[in-house]
Every structure is written in C-alpha cells, then in structure tokens.
Amino acid sequence: MDDGLDGVRALLPGARLESLDLLGGSSRSRVRRIRADSRTLIVKEFTGSDEGWVRESAALSVLPVEVPAPRLVAAGAVPPTLVMSDLGTGTSVADALLGRDPAAAADAVVAWATAIAVLHRATAGSREAFRDALDARAGDLPVAESVVPADLETAAGIVTRHSAEIGVDIPAGALEELRALGTRLGGDGPAAALTPADACPDNNVRTGDGLALIDFEGAQWRHVAWDAAYLIVPWPSCWCSWRIPADVVARAIDAYRAASGVPGVGSVEFARDVDAAAVGWAFVSASWFLPRALLEDPPPTNPEKPAPSHRAVILHRLDQARRSAEAPALAELAARLHHALTVRWGDVALRYAPAFDQT
C-alpha cells in the first residue's frame, strides 16, 4: 500500500516511517505528522511554486538555536519537501483570539510579540547567510531576499485602477510615498532581520517552552517595523484579522521592545516607522482584497475560522492610514478612499476578536 512517504524515505534512509496525521496546509503545501522510528516529525510537501520551499528551507537552515521555531531535519528539492522537528499539538494565538477568555487572548498576543522579537534579535546579523542559503537553493529561480518593493509597486497599480473605478482622484505624490516605503523600511539598515513574513495568529504553536513560530515559506529579509506593525493593523496578511484593544497592543509593543534588542526599537523614530509600515500594509492589503470587495462581500463560510469581512478590514485600515502623519499624501488618499467606499458600502465596522468582544 502506497503511504506517500517514498520521498521522505529518500531523505531519512533506513528510518521506519508511519503517517500519523494530516495537519492541513494550503494550495501551496501539504503538512503531515509522521513517526520516524521512535520520534514524531513534521513533513511539509510543497505543491505550488518552488519559491516557498526555497524560502522556508533557507530560513530554517540559518535560524540560531534560540529562535522558537522548528528545527530543520532534512530537505529535498525534488519533490520539494521539508522534514522538521515536531513542536507538538499546542494551541495557537488564533485559538486564544477566537476563545472566550480576554486575559488569555491578551497573554497570547504578548507571547507572539515576544517570539517575533527573539527571532529579530537572533537573526539581525544573518542577512548574508540567508542570502547565501536562498542562492544555494534557488537555482535558476529568481528569489528576492525581500518582496516589499514588488508588493508596494503592485499595490500602487491596483489602487490606481480601482481609485479611477470608484471616482477617487489620487493626490499628487501619494503613489511616490507608497513606493518610497520600500526604501525607508528596507533591509539595509541596522533595524532589519529575518521574518516569516506571514506571522499570522495561527502560524504558531504553544509549547512547554513558550510560543514557537511556524510556517516560513514566505521568509524574507526586511525592516522589523513591518512585523511590529502586525499588531497595529492588525494581522494584515491573515484571515484572523479582528481588532485588538489598544491596551493589549501597547503591552505587546512594550514586550517586543524589551525582547528584541534591535537597535533603536525604543526610540520615537521606531514608533514612526511602525506607523509608516501600518500605512503601507493598509494599501498593500487593500490591493489584495479590494478587487473582490468591490463586487461582493460574502460572509465567512468556515465555522472553525470565523473571519471579518474584507470590507470591514479595508475600511478599518484606511481609517487608520488617513490619520497618519508619516505619509501625508497617502493619508489624503486613504481619506478619499475611505469616504468613497463608506458611501458605497455603508459604515462596515471591524469588530474586536471574539475573546475581546463579549457583547
């Protein structure tokens, strides 16, 4: 009987393998727990672009031991497969946010900020090693160490098209401010590190040693403000993007600053960078969600993953962006888009995460 583990056997010669659980994945990958002799391991098989395998295998290969993340056991390029240590079956931050205990949810958000901070602190000097690891695995595939400039350029194009569609004039200099965030918050300064780039509330697991980060298939090198802003936006690339109370955000940001050790994170300038990153995320995420949101706004269909609507998310992020002083022309564009979309959709509010929303 074919158990689908022949590729893993090639990576772990001589080991007795048994498939235990299908843990999920996406259109890009399949994740399973297996038994290899006396231990359990996680196998991630990539079904989409090889870039995910390149990024995740490169990132895991250079992570220092103090980073709370899986350890790379083996990797194979054909078919693209990773074998990693098994962090167990603990809960995630998303579980806490969807629960009924606001104190537990707040603690989980703080634990997330601390785990991200430890990752940044441990990898701040790893740019060359990460770049070498990417190059060693990419072959002829062009894999940039950061996709921030490309994401900002794409966002500029999509926002331009849909602004015209809904009758919004783009202020002079707004798109230049958006693109300029790629330089202001690039990877060349001291406040840059390795990031999973998709550190969503469900891409982690609570272990006996604390919260550990999982899923590095989008790993890249960029300014740490892009990750810290996940708390402000919040969670720009994630389905579980409910609001977080301001006091919980402030506590998590304080925890990040205390644990990161990245130069300047305690400064006013860093707070401004986080604000600028939140503006950038507002427009990048709008470029992802706006095309569909202009057509329809269907309710979430997965009862295990109740998510806010795209319209609520877009309006909330534009409302925040229009109040920012970090990119004045972008703030004006956000205000114009927010007004036009509110006229079209009504005032669609983004609710707090269920754990914080006991109404």
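The values are calculated or read from the model by the stated rules, or taken from the named source; none is laboratory data. All values derive from a computational prediction rather than experimental measurement. Every residue, glycine among them, receives a Cβ derived from its backbone with ideal geometry; neighbour counts consider all protein chains shown. Please note that ligands, DNA and RNA were not included when accessible areas were found on the heavy atoms of the full protein model with its side chains. Shrake-Rupley method; radii C 1.70, N 1.55, O 1.52, S 1.80 Å.
Return the residues of segment 159-179 that are under 17 Å from Val279 (Cβ atoms) and free of Cβ contacts under 8 Å to residues at least 12 places away in the same chain; say none if nothing qualifies. Hits for segment 159-179: nothing passes. The lone criterion from (1) in a loop (DSSP other than H, G, I, E, B); (2) touching an Asp or Glu at 6+ places or on another chain (Cβ under 8 Å); (3) without any contact (Cβ under 8 Å) to a residue 40 or more places away in the chain left unmet by Pro68 is number (3). Take segment 193-210 and flag every residue that is more than 22 Å from Ser29 (Cβ to Cβ) and surrounded by 24 or more Cβ atoms within 10 Å (Cβ to Cβ). If the condition is that a residue be more than 22 Å from Ser29 (Cβ to Cβ) and surrounded by 24 or more Cβ atoms within 10 Å (Cβ to Cβ), then Ala193 is the only one that fits.
Return the residue satisfying two criteria in turn: it lies in segment 315-327 and is over 17 Å from Leu294 (Cα atoms) and touching a residue at least 60 places away in the same chain (Cβ under 8 Å), and of such residues it is farthest from the chain's Cα centre (by Cα).
Ala327
Residues that are free of Cβ contacts under 8 Å to residues at least 60 places away in the same chain and outside any helix (DSSP H, G or I) were ranked within segment 140-158; the one that is farthest from Ala334 (Cα to Cα) is Asp140.
Conditions (1) on the phi < 0 side of the Ramachandran plot; (2) open to solvent by 10 Å² or more (accessible area, probe 1.4 Å), marked per residue:
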site: Gly88; (1), (2): no, yes
site: Gly99; (1), (2): yes, yes
site: Ile116; (1), (2): yes, no
site: Leu119; (1), (2): yes, no
site: Ser126; (1), (2): yes, yes
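Taking the criterion of being open to solvent by 20 Å² or more (accessible area, probe 1.4 Å) and either within 30 Å of Ala75 (Cα to Cα) or over 16 Å from the mean Cα position of the chain (by Cα) (or both), the residues of segment 218-242 that qualify are Gly218, Ser237, Trp239.
Within segment 227-261, the only residue that satisfies the criterion of being touching a strand residue (DSSP E or B) at 6+ places or on another chain (Cβ under 9 Å) and farther than 22 Å from Ala307 by Cα is Ser260.
The criterion of being in a loop (DSSP other than H, G, I, E, B), small (Gly, Ala, Ser) and closer than 19 Å to Thr195 by Cβ does not hold for Gly167. Quickly run through segment 228-240 and pick out the residues that are under 23 Å from Ser29 (Cα atoms) and at pLDDT 95 or above. The answer is Trp235, Pro236. Of everything in segment 1-53 that's of a type in the set (Lys, Arg) and either open to solvent by less than 60 Å² (accessible area, probe 1.4 Å) or part of a strand (DSSP E or B) (or both), which residue is modelled with the lowest pLDDT? Taking the candidates together, the pick is Arg30.
Residue-by-condition table, conditions (1) within 17 Å of Gln220 (Cβ to Cβ); (2) surrounded by 19 or more Cβ atoms within 10 Å (Cβ to Cβ); (3) in contact with a helix residue (DSSP H, G or I) (Cβ under 9 Å, 6 or more places away or on another chain):
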| residue | (1), (2), (3) |
| --- | --- |
| Ala104 | no, no, yes |
| Ala136 | yes, no, yes |
| Glu153 | yes, no, yes |
| Gly157 | no, no, yes |
| Ile166 | no, no, yes |
| Glu177 | no, yes, yes |
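Counting only residues that are touching a helix residue (DSSP H, G or I) at 6+ places or on another chain (Cβ under 9 Å), closer than 14 Å to Leu87 by Cβ and among the hydrophobic types (A, V, I, L, M, F, W, C), how many does segment 35-53 have? Spell out how you get there, then give the answer.
Step one: filter segment 35-53 for residues touching a helix residue (DSSP H, G or I) at 6+ places or on another chain (Cβ under 9 Å), giving 36, 41, 43-46, 50-51, 53.
Restricting the remaining residues to those that are closer than 14 Å to Leu87 by Cβ gives 41, 43-44.
With the extra rule that they be among the hydrophobic types (A, V, I, L, M, F, W, C), the set shrinks to 41, 43.
Final tally of qualifying residues: 2.
The helices (runs of 4 or more DSSP H) located wholly in segment 243-359 that include 2 or more residues which are open to solvent by less than 80 Å² (accessible area, probe 1.4 Å) and of a type in the set (Val, Ile, Thr) occupy 246-260, 268-293, 310-321.
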